[in-house]
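Remarks on the structure that follows.
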Amino acid sequence: MYPLAALDLLEYQGKQLFAGHGVPVPEGRVADTVEGAVEAAEEIGYPCVIKAQVQIGGRGKAGGIKVAEDKAEAEEHAKAILGMDIRGPRGEGPFTVHQVWVERASNIEAEYYASIILDRSAKKLLAMLSTMGGMNVEEIAEKDPDALVRRHVEPHEGFGDAQAAALASDAGVAEDAREKTAEMMVKLYNAFNESDATLIEVNPLVVTKDSDVIALDAKVTIDNSALFRHEDLADLEEGFIEDPHEQERMAKEKGLTYVKLDGDIGILGNGAGLCMSTLDVVAQAGGAPANFLDAGGGSKAEAIIDALTVITSDPKVVAILFNIFGGITRGDEIAKGIIEASQKVDIDLPLVVRLDGTNSEEGLGLLADADLPNLHVEKTMLGAAEKVVELAKAESS
Amino acid sequence: MSIIVGEETKLVISGLTGREGSFHGLRNRDYGTDVVAGVTPKKGGQDVEGIPIFDTIKEAVDERGANTSMIFVPARFAAASINEAIDAGIGTVIAITEHIPVHDMLQTYWKARDAGVRLIGPNCPGVLSPGKANVGIIPAQFFEQGSIGVVSKSGTLTYQIGNELKQAGLGNSSIVGIGGDPIVGSDFIDILTLFEEDAETELIVMVGEIGGDAEERAAEFIAEHVSKPVVAYIAGFTAPPGKQMGHAGAIISGSSGTAEAKKQALEAQGIRVGKSPTETAQLAAETIGAKA
């Protein structure tokens, strides 16, 4: 399913979750202003690290993590980092930095990599550990697979002290850090289960010169479907309103699944698969989709009005395509939504509608009776794609 | 023959008294599916248009001989309902409910597997064997009885392809929506195995989409274990890449999960991949024609 329904925690939120499960993390404070960051640094003492808080990796390379030796440096780094735009390693984003995490610098002896992830193929959790932590763990996994130890958690066995000890030993963890590393893996595993996580990644997990084992980073992804039993985490989600596009913000408020794209043809489909397929055939017909918008199963008139409001708020959109094949969604509801929306939302753009599936005949009947201007009904998906591309070209020429 | 549901299906529906449950449950019965019972705790003794309601699935099995269960209950109770069906001795469970927590499904997946229960879904449109039985939300009027098996991650895309096949004059043995959740009870390989063994199925259409590596694994499986022709469709060539947190996901999948990567993996095994749902149906028609 695209996009994935998941909540990515910021590093400091992940560390707070870790701390709640007994995982050692450095002492730190969160701040959203330069003054606040400097105050935090003064409290914590120097050297301290000022870290951009964004829901994506690659912060270090982007200049979002800096060490401050004194108050002047703390101020300089906080100024540079707050407000910075950071893109992910695969071009995701940009994500604007609204908060920094200021933490005590650690006395690092060694950097490890640890993660627990849901392995969809095996239908098991997978624990991974490597003594070669740091940024290039993917490269290491490819070039030297033995350097990254992977162990599935057997469903009837779980992951306790014995499994963790074996993992640490197989990964070649230094003897004086082995027990503490294993302990941390068990605590991470418990945190994973108790918070309905689908990913916990610690990179780096560090061994200090005093042989302490600390989680220096925290990437935690929580299953959105389980937020009903994690009120504290659900509250965090409320705080993430920083979608880069106005339309994405609007869609989120209205409970629609919307992704902004670069083109000029607004698209609504029902079901992620059909919606993606609609984008593909519009592109093949020579058009450029402006968005992905999955109205979801069982869409009612209200959702259609919301969807049209979001799509038409994008000034680039010159024509709209609705591609609906109803299963749980009923065609008459979609038609009612379109008719109602045409009264409430000021739409002067051409709208191509292709309606098939459950109650589609009733829906098509309603649309025919309403006789809306600028509405084009097409029988097939390819026909509808071609029509909307033609209309978009006519509009923009 | 058909797979998973057919004339032998005796269906019990958990959540039949709900609005969507009754809408689709009654449609399933109207289609000819033998709907023997509904289950809603504390509503035992009532009925929905003549279908008796029981408090538990066990009662529906004991008193009405139910052998297949459809789960239509809200997400937070759905895994418990699937578990209840497994414990009641149901052989096939089809879970329509979406947004079931992944951790719940992880446990339920292994419970079903250990008990030898076939689980389809969750977050799926169900299974339709045209002319025989419909269990789920697939609009049956768009499909004909025939010899093409369809297996798909996506609901609406499945209807689209089935409808295209119908327009190309082709029918289906069974249409199986496996669902797109991270943990599904049956994946492409499980269903491909059933179609391979099904005498009525002559060709298989596999409908995938971006994300995960189920299509890539299915491509290898087809090359080794499926003798029947397979035609595929993949959605999501124009979709932007999803945000990826950390490295663990990339390390374990061994595939980028893009539509292009999936297409290449399938074509490398000699499987034809349609550009659109329409072209996919045309490829299926050509292949069946060439076979005949």
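The values are calculated or read from the model by the stated rules, or taken from the named source; none is laboratory data. Computed from a predicted model, the values in this text were never measured in an experiment. Every residue, glycine among them, receives a Cβ derived from its backbone with ideal geometry; neighbour counts consider all protein chains shown.
Picking from residues in region B:127-169 that are of a type in the set (Gly, Ala, Ser) and outside any strand (DSSP E or B), the one that is modelled with the lowest pLDDT is B:155. Considering only residues that are in contact with a Lys or Arg (Cβ under 7 Å, 6 or more places away or on another chain) and within 14 Å of chain A (Cβ to nearest Cβ), look in region B:186-201 and name the one that is nearest to residue B:287 (Cα to Cα). Looking at residues that are in contact with a Lys or Arg (Cβ under 7 Å, 6 or more places away or on another chain) and within 14 Å of chain A (Cβ to nearest Cβ), I get B:189.
Residue pairs whose Cβ atoms lie under 7 Å apart, separated by 6 or more positions or on different chains, with the first residue in region B:168-196 and under 17 Å from residue B:155 (Cβ atoms) and the second aromatic (Phe, Trp, Tyr) and assigned to a helix (DSSP H, G or I), are B:178/B:188; B:185/B:109. Consider residue A:62 carefully, then state whether it is outside any loop (DSSP other than H, G, I, E, B) and either of a type in the set (A, V, I, L, M) or farther than 25 Å from residue B:102 by Cβ (or both). Against the criterion (outside any loop (DSSP other than H, G, I, E, B) and either of a type in the set (A, V, I, L, M) or farther than 25 Å from residue B:102 by Cβ (or both)), residue A:62 does not qualify.
Just one of (1) over 26 Å from residue B:192 (Cα atoms); (2) touching a residue at least 24 places away in the same chain (Cβ under 8 Å); (3) assigned to a loop (DSSP other than H, G, I, E, B) fails for residue B:20. It is (3).
Looking across region B:83-117, the residues that are assigned to a helix (DSSP H, G or I), touching a residue at least 60 places away in the same chain (Cβ under 8 Å) and farther than 21 Å from residue A:192 by Cα come down to B:84, B:85, B:112. When B:237, B:221 are checked against the criterion of being under 26 Å from residue A:145 (Cβ atoms) and out of contact with any Pro (no Cβ under 8 Å at 6 or more places or on another chain), B:221 stands alone in meeting it. Of the residues that sit in region A:333-386 and are outside any loop (DSSP other than H, G, I, E, B) and hydroxyl-bearing (Ser, Thr, Tyr), which one is surrounded by the most Cβ atoms within 10 Å (Cβ to Cβ)? Here the residue is A:360. For region A:145-223, the strands (runs of 3 or more DSSP E) that sit wholly inside it and include 2 or more residues that are among the basic types (Lys, Arg) are A:148-153.
Among the residues of region B:143-158, is any free of Cβ contacts under 8 Å to residues at least 24 places away in the same chain, farther than 26 Å from residue B:81 by Cα and not assigned by TED's automatic domain parsing to the domain that holds residue B:92? No, region B:143-158 contains no residue that is free of Cβ contacts under 8 Å to residues at least 24 places away in the same chain, farther than 26 Å from residue B:81 by Cα and not assigned by TED's automatic domain parsing to the domain that holds residue B:92. Within the option set B:289, B:246, being in a loop (DSSP other than H, G, I, E, B) and not basic (Lys, Arg) holds for one residue only, B:246. May I ask you to verify whether residue B:178 is touching a Cys at 6+ places or on another chain (Cβ under 7 Å) and within 14 Å of another protein chain (Cβ to nearest Cβ)? Considered against the rule, which asks whether it is touching a Cys at 6+ places or on another chain (Cβ under 7 Å) and within 14 Å of another protein chain (Cβ to nearest Cβ), residue B:178 comes out as yes.
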